[in-house]
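Trainee: I'd like to ask you about the structure that follows.
The values are calculated or read from the model by the stated rules, or taken from the named source; none is laboratory data. Computed from a predicted structure; not experimentally measured. Please note: Cβ atoms are built from the backbone with ideal geometry, for glycine as well, and neighbour counts cover all protein chains shown. Note: accessible area is taken over every heavy atom of the protein model, side chains too, but ligands, DNA and RNA are not part of it. Shrake-Rupley method; radii C 1.70, N 1.55, O 1.52, S 1.80 Å.
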Amino acid sequence: MSDIKSEIDSDIEQNYSINSNADPKNMHELTIYVQNLLQNVQDKFQSMSDQIISRIDDMGNRIDDLEKSIADLMTQAGVEGPEK
């Protein structure tokens, strides 16, 4: 979790600094600048979203494996499982 926070902090410093070299000079440049900032935010959000979904899928698979292992152990011990 701290890795994600560090990455976000680093991105903020790099892309959203007030002292950025991409200081817009007119409305067209400002529009492009803002669009680029929004695209960067959207890309980062999508990347983080994909990472979260992947981790949730992995957790679901681990829980399924754990449930199967518990059911196998209960069967080996001769204990009846919960009714579904």
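Trainee: Might you check whether a residue that is modelled with pLDDT of 90 or more and exposed (fewer than 10 other Cβ atoms within 10 Å of the Cβ) occurs anywhere in segment 69-83?
Mentor: yes
Trainee: Let me ask something else about it. Output the number of residues of segment 27-73 satisfying the condition of being without any contact (Cβ under 8 Å) to a residue 12 or more places away in the chain, under 19 Å from Ser6 (Cβ atoms) and of a type outside the set (S, T, N, Q).
Mentor: Of the residues in segment 27-73, 6 are without any contact (Cβ under 8 Å) to a residue 12 or more places away in the chain, under 19 Å from Ser6 (Cβ atoms) and of a type outside the set (S, T, N, Q).
Trainee: Being in contact with a Phe, Trp or Tyr (Cβ under 9 Å, 6 or more places away or on another chain), open to solvent by less than 90 Å² (accessible area, probe 1.4 Å) and modelled with pLDDT of 95 or more is the requirement here; does Asn40 meet it?
Mentor: Yes, satisfied.
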